[in-house]
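Structure first, then comments.
Computed from the coordinates by the stated procedures, all read-outs in this text should not be read as laboratory data. Everything quoted here is computed from the prediction, not taken from an experiment. FYI the Cβ positions are ideal-geometry reconstructions off the backbone, even for glycines, and counts take in every protein chain you see.
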Amino acid sequence: MKIASYSVDGVASFGVVTGERIVDLRSRLPERYETLRDVIAADALDEARRAADGQPGDHALADIVFLPVIPHPEKILAVALNYDDHIAETGRPKTENSAWFIRVPPSQCGHRQPLLMPSVSDNFDFEGELAAIIGTGGRAIPAASALNHVAGYSCYFDGSIRDWQRHTRQITSGKNFDRTGGFGPWMVTADEVPDPQALELTTRLNGKVEQHANTGQMVFSVAQLIEYCSTWTTLVPGDVIVTGTPGGVGFKRTPPLFMKVGDEVEVEIESIGTLQHVVGK
């Protein structure tokens with residue numbers, strides 16, 4: 001099942017994607033479910049599936065404004081240096097443990113919404129990634145059962161302002177400019193992604209493939225990432241774990257390849273879909 005968050009005429013909602021249409025769920029489910037995050041927290045995805053079953057769709061996808069899959073998560077936890085080829089191109093040493101940073105909700109936007117080129121930098125780089133959305137929360141979750149805590153998966157564009165990443169040893173500022181990240185187009189429920197370590201991931205810039213990998217090449221698997229981060233923070237429904245990018249990023253090219261206003265970027269992940277953005281100003 002594909003579930004998207006969206007708005008029509010400025011009113012936010014969420015629904016099940018069927019072909020080129022979306023079945024609105026906010027009007028069909030009890031009032032206590034105001035957002036997709038509420039449905040996930042109540043373990044009500046099966047209820048959502050039943051509500052949408054057989055419905056023709058209320059809106060064409062072309063007529064909605066896509067929002068980030070989880071517009072206001074409590075946490076967006078992102079992993080750096082989680083593919084060997086990306087570690088190699090950065091010249092950084094491979095670490096025993098995963099390296100993390102945090103993104104904030106205003107730094108992301110929904111599918112087909114314009115990214116925002118920062119006025120203070122032209123070092124806007126691309127990173128395509130797999131995102132896991134937490135369904136059942138917990139603390140100290142063992143890797144062996146970690147995937148049972150995932151509600152679903154999505155594409156993530158971890159747009160990075162490279163010169164601001166290098167202002168200090170902490171990269172957070174370069175990862176959190178408003179609307180430099182993308183999250184979507186929808187969440188595919190975990191039952192339709194039996195193995196998150198067997199997905200082809202492709203990032204295209206203006207139609208040209210710039211990154212391509214299989215998620216099986218991750219240094220730390222989705223399950224291992226959940227185990228590690230749940231050791232130091234309690235995960236709650238709707239939390240987003242962004243699992244790292246493969247090699248091929250722009251700032252390590254000669255000359256560097258950065259995005260500019262008008263560029264089109266896509267992140268495609270097998271079994272999930274394609275997240276699309278144009279760089280705006």
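In terms of overall dimensions, the C-alpha atoms belonging to region 77-157 reach 43, 33, 18 Å along their principal axes, ordered largest to smallest. Counting beta carbons within 10 Å around each of PHE183, PHE220, PHE126 and listing the fewest first gives the order PHE220, PHE126, PHE183. Expressed per residue, the C-alpha convex hull volume of region 2-66 stands at 74 Å³. Normalised by 2.2 N^0.38 Å, where N is the number of residues, the alpha-carbon radius of gyration of region 119-179 equals 1.50. Residue-wise HN-Hα couplings along region 128-133, as the Karplus relation 6.51 cos²θ - 1.76 cosθ + 1.60 with θ = phi - 60° gives them from phi, are x, 8, 8, 10, 10, 9 Hz; Gly and Pro carry x. Footprinting exposure proxy ranking of ILE226, ILE161, fewest other C-beta atoms within 10 angstrom first, gives ILE161, ILE226.
Of GLY250, GLY54, GLY110, which is the most mobile in a GNM of the chain whose springs link Cα atoms less than 10 angstrom apart? The residue that fluctuates most here is GLY54. Note down the net charge around GLY238, summing +1 for each Lys or Arg and -1 for each Asp or Glu among other residues with Cβ under 9 Å from its Cβ. Summing Lys and Arg as +1 and Asp and Glu as -1 gives -1. The alpha-carbon of LYS208 sits under 18 angstrom from the alpha-carbons of these lysines, leaving out residues fewer than 8 places away in its chain: LYS252, LYS260.
Computed over the chain with a Gaussian network model linking Cα atoms closer than 10 Å, the most mobile of LEU257, LEU235, LEU225 is LEU257. Please name which of ILE226, ILE133, LEU115 has its Cα lying farthest along the dipole of region 76-280 towards the positive end, using unit charges on Cβ (Lys, Arg +1; Asp, Glu -1) and the Cα centre as origin. The Cα lying farthest towards the positive end belongs to LEU115. Comparing PRO73, PRO246, PRO56, which has the greatest mean-square fluctuation in the GNM of the chain with Cα pairs linked when under 10 Å apart? In this elastic network of the chain, the residue with the biggest mean-square fluctuation among PRO73, PRO246, PRO56 is PRO56. Seen from SER5, the other residues with C-beta closer than 14 Å to its C-beta sum to a net charge of +1, counting Lys and Arg as +1 and Asp and Glu as -1. Here region 153-281 has an Rg and Dmax of 15.3, 43 Å, counting Cα atoms alone. Rounded to two decimals, the Cα radius of gyration of the chain over 2.2 N^0.38 Å is 0.95.
Taken one residue at a time, the phi angles of region 51-64 give Karplus couplings (6.51, -1.76, 1.60, θ = phi - 60°) of 5, 8, 4, x, 7, x, x, 9, 9, 6, 4, 5, 9, 10 Hz. Gly and Pro are set to x. Across region 30-41, computed HN-Hα scalar couplings (Karplus, 6.51 cos²θ - 1.76 cosθ + 1.60, θ = phi - 60°) run x, 4, 5, 9, 8, 9, 4, 4, 5, 5, 4, 5 Hz from first to last residue, x flagging Gly and Pro.
Each part reduced to its alpha carbon centroid, region 91-168 and region 59-90 end up 6 Å apart. A simple count of charges around GLY15, restricted to other residues whose Cβ falls under 11 Å of its Cβ and scoring Lys, Arg +1 and Asp, Glu -1, yields +2. Between the beta carbons of ARG253 and ASP53, assuming R0 = 45 Å, the FRET efficiency works out to 0.40 to the nearest 0.05.
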